[in-house]
Amino acid sequence: MSTQPVLAPGDKAPTFTLDDETGAKKSLSDFAGKKLIIFVYPAAMTPGCTTEACDFRDSASSLIAAGYQVVGLSPDPVESLAKFKERDHLSYPLLSDPSKETLKAYGAFGEKKNYGKIVQGVIRSTFIIDESGNVIDALYNVKATGHVARIRKLVGLD
């Protein structure tokens, strides 16, 4: 497998401007002064992604109370994100990156193993970013189930 850029604690988070599920533009700078959790998932409304998104939904109020904003990021079109948000009552923005430029900048798109084969695709990842836009933690190849509990521990909630 080839190497791709990965973020590490202390790195500056790559900037972005992407459409959210309503078609409105959201940029990294919109979250300046706030702590941010960006979770990257391969495809809206699939079983694993739904589990992860709903876990973040169920933890959103405690994460927000601790000063964290939550944002989901996938290559899905805006229309799919709108359906996903409505269907599962997600309480945070979902960002669309159909060009995969932001996913690549975060090291969350590239070669991965899928059922033993090497394929190009979205690498399920989560990034915790501080108020100044620096990476606190970058977690790659995470599992959908139980991941939010791990994030809650990392940010001192559990």
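Values in this text are rule-based calculations from the coordinates and carry no lab data. Predicted model, so just to flag it, every value in this text is computed and none were measured. Cβ: placed from backbone, ideal geometry, glycine included. Neighbour counts: every protein chain shown.
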Using θ = phi - 60° and Karplus 6.51 cos²θ - 1.76 cosθ + 1.60, couplings along region 109-115 (whole Hz; Gly, Pro as x): 9, x, 6, 8, 8, 9, 6
Bridge type composition, region 14-122 - antiparallel percent by DSSP, nearest 5: 55 percent
Whole-number percent relative contact order across the chain, with pairs defined as alpha carbons under 8 Å at least 6 apart: 32 percent
Sequence-separation-based contact order of region 81-158, relative, with Cα cut under 8 Å and 6+ spacing, percent: 15 percent
Cα-based reach from Lys85 at 19 Å (exclusive), listing aspartates and glutamates while leaving out same-chain residues under 8 positions away: Asp19, Asp20, Glu21, Glu52, Asp55, Asp58, Asp76, Asp97
Among Pro5, Ala82, Tyr115 the positive-end extreme of the charge dipole of the chain (Cβ point charges): Tyr115
Whether region 28-103 is rounded, prolate or oblate, judged on the alpha carbon gyration tensor where a/c under 1.5 counts as rounded: oblate
Amide H within-cut-off set for Tyr92, under 5 Å, with H built and near neighbours excluded: none
Pairwise centroid distance, computed over Cα atoms, of region 114-149 with region 3-26, Å: 12 Å
Computed E for Asp58/Ile118 - FRET, C-beta separation, R0 30 angstrom, nearest 0.05: 0.30
